[in-house]
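Here is the structure we will look at.
Each value in this text was obtained by applying a stated rule to the coordinates, not by laboratory testing. Computed from a predicted structure; not experimentally measured. Because the Cβ atoms are built from the backbone with ideal geometry, glycine has one as well, and the counts that use them run over all protein chains shown.
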Amino acid sequence: MGKAKAKAKQAKGKLKETAGDAMDNKRMQAEGSAEQMSGKAEEMASKAAEKMKKR
């Protein structure tokens, strides 16, 4: 997955977390938080892959 898709996943997760907070929905908050973390991990993996390609 590319950096752009990872960033989009993070943004989607943030929106889901915020919506869950507004509706007092703990499950939605947790899903949004997990999605953000997953997007951050994918972004870091993408950055690492780019660095390896440059070497």
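Is it true that Gly39 is in contact with a Ser or Thr (Cβ under 8 Å, 6 or more places away or on another chain) and surrounded by 13 or more Cβ atoms within 10 Å (Cβ to Cβ)?
Working: in contact with a Ser or Thr (Cβ under 8 Å, 6 or more places away or on another chain): no; surrounded by 13 or more Cβ atoms within 10 Å (Cβ to Cβ): yes.
Taking the combined requirement at face value, the residue does not satisfy it.
If you go through region 1-35 and keep only what is assigned to a helix (DSSP H, G or I), more than 12 Å from the chain's Cα centre (by Cα) and surrounded by 13 or more Cβ atoms within 10 Å (Cβ to Cβ), you end up with Thr18, Ala19, Gly20, Asp21, Met28, Gln29, Ala30.
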